[in-house]
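Below is one structure; the comments refer to it alone.
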Amino acid sequence: MRLVLYNIRYGTGSGWRYHFPFPYSGCLRRTAGRFGAISDYLSKLNPDLVGLVEADSGSYRQYGRSQADALASKIGGEAVFACKYESGSLISRAPLLKRQGNAVVTRLPVVRSGDYSLSKGVKRTLLEVEFQDFTLFLAHLPLGYAARRIQLEEIAQRCTSASKPVVFAGDCNTFRGEGELLPFLRRTGFKNANPGSRPTFPSRIPTLALDFVLYGPGIEMESFDVPAVRLSDHLPLVYDFIVA
């Protein structure tokens with residue numbers, strides 16, 4: 001099976017144009033054209049699963065259409081989306097922000113899905129999608145180190161409690177390096193699909209490994225790649241695996 005993990009930045013682009021005519025002004029622009037290029041690229045990878053980090057569920061930027069649903073239609077699958085902010089919070093109800101989250105797009109039949117609110121951080125949602133033979137967890141960890149550490153502890157508990165083999169993927173924002181993940185790996189027995197920590201951010205001159213695919217017992221990796229694609233500020237991760 002092939003999993004592609006990609007922080008697509010809502011399809012808002014990257015580079016200096018994102019900050020012209022003022023810093024972060026790109027986050028307010030229409031995204032249909034850029035997301036069209038992203039979805040074309042993803043479909044050519046022939047994925048069974050796509051973990052979309054920073055996906056738009058249908059704001060004005062995307063003319064009211066969910067990016068995850070659009071990709072699902074393109075590859076012939078279904079989508080599961082969750083707002084990344086705590087349910088019921090002011091930020092989760094704010095215009096535009098309430099449309100920002102993470103999504104799993106899949107050709108595989110979904111047995112069950114759900115999302116959990118972690119205890120710390122602005123971005124708190126852990127998305128779970130269960131399939132016949134394994135479970136996928138997807139998250140976008142916060143910028144603060146202390147909140148990341150607590151979230152990783154809570155995610156580890158979820159992963160070890162799962163009844164099936166688990167893959168955990170996401171933008172982990174590990175600005176202090178891969179060492180931030182070591183307590184998680186020790187507790188769960190998971191392996192890092194990117195043991196050499198090939199950098200994934202920023203896409204033009206990658207220097208930081210922020211995006212990870214971690215897999216547990218019962219999952220075997222076949223191949224892993226970080227393609228040099230500049231459709232977002234992050235690079236995608238392509239992970240081929242089997243359930244043993």
Pull up all non-local amide H partners of Asn173: gap of 5 or more, or a different chain, and H-to-H distance under 5 Å with H placed in the peptide plane.
Leu141
Mind checking the angle between helix 145-161 and the chain's longest principal axis? C-alpha axes, 0 to 90 degrees, to the nearest 10.
50
Nearest 10 degrees, 0 to 90: helix 32-44 Cα axis against the chain principal axis:
30
Read phi for every residue in segment 75-86 and hand back ³J(HN,Hα) as whole Hz from Karplus 6.51 cos²θ - 1.76 cosθ + 1.60, θ = phi - 60°, with x for Gly and Pro.
9, x, x, 9, 10, 10, 10, 9, 4, 7, 9, 4
Ordered by residue, what ³J(HN,Hα) values in Hz, to whole numbers, does segment 119-134 give under the Karplus form 6.51 cos²θ - 1.76 cosθ + 1.60, where θ = phi - 60° and Gly and Pro are x?
7, 10, x, 6, 8, 10, 7, 10, 9, 10, 10, 9, 10, 4, 10, 7
In nanometres, what is the gap between the two model label sites at Lys74 and Val111, each 7 Å from Cα along Cα-to-Cβ?
3.0
I need the shape label for segment 1-105. Rule: rounded when a/c is under 1.5, else prolate if a/b > b/c, else oblate, with a, b, c from the alpha carbon gyration tensor.
oblate
What is the percent carbon and sulfur in the accessible area of the chain, measuring with a 1.4 Å probe over the protein chains and ignoring ligands?
53
Comparing Thr106, Thr207, Thr188 in a Gaussian network model of the chain (Cα, 10 Å), the one with the largest mean-square fluctuation is Thr207
Row for the chain, column shape: gyration tensor on C-alpha, a ≥ b ≥ c, rounded if a/c < 1.5 i.e. under 1.5, prolate if a/b over b/c, else oblate; value rounded
Where both partners of a DSSP beta bridge lie in the chain, what percent of those bridges are antiparallel, to the nearest 5?
80
Farthest towards the positive end of the dipole of segment 36-194, among Val105, Ala146, Tyr41 and with Cβ unit charges of +1 on Lys and Arg and -1 on Asp and Glu, lies the Cα of Ala146
About the Cα centre, charge dipole magnitude for the chain (Lys/Arg +1, Asp/Glu -1 at Cβ), debye
820
How long is the gain from Arg65 to Ala244 if the chain were fully straight, where each residue apart is worth 0.36 nm and the alpha carbon distance is subtracted?
60.7 nm
Just how large is the dipole of segment 136-213 about the Cα centre, in debye to the nearest 20, putting +1 at every Lys and Arg Cβ and -1 at every Asp and Glu Cβ?
140
Shape of segment 19-78 from its Cα gyration tensor (a ≥ b ≥ c, root eigenvalues): rounded if a/c is under 1.5, otherwise prolate when a/b > b/c, or oblate?
prolate
Amide H neighbours of Leu210 under 5 Å, at least 5 residues apart or on other chains, H built in the peptide plane: list them.
Thr200, Phe201
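The values are calculated or read from the model by the stated rules, or taken from the named source; none is laboratory data. These numbers were taken from a predicted model, which means no experiment stands behind them. Don't worry about glycine lacking a Cβ; one is built from the backbone with ideal geometry, like all the others, and counts go over all protein chains shown. Only protein heavy atoms, including side chains, enter the accessible area calculation; ligands, DNA and RNA are left aside. Shrake-Rupley method; radii C 1.70, N 1.55, O 1.52, S 1.80 Å.
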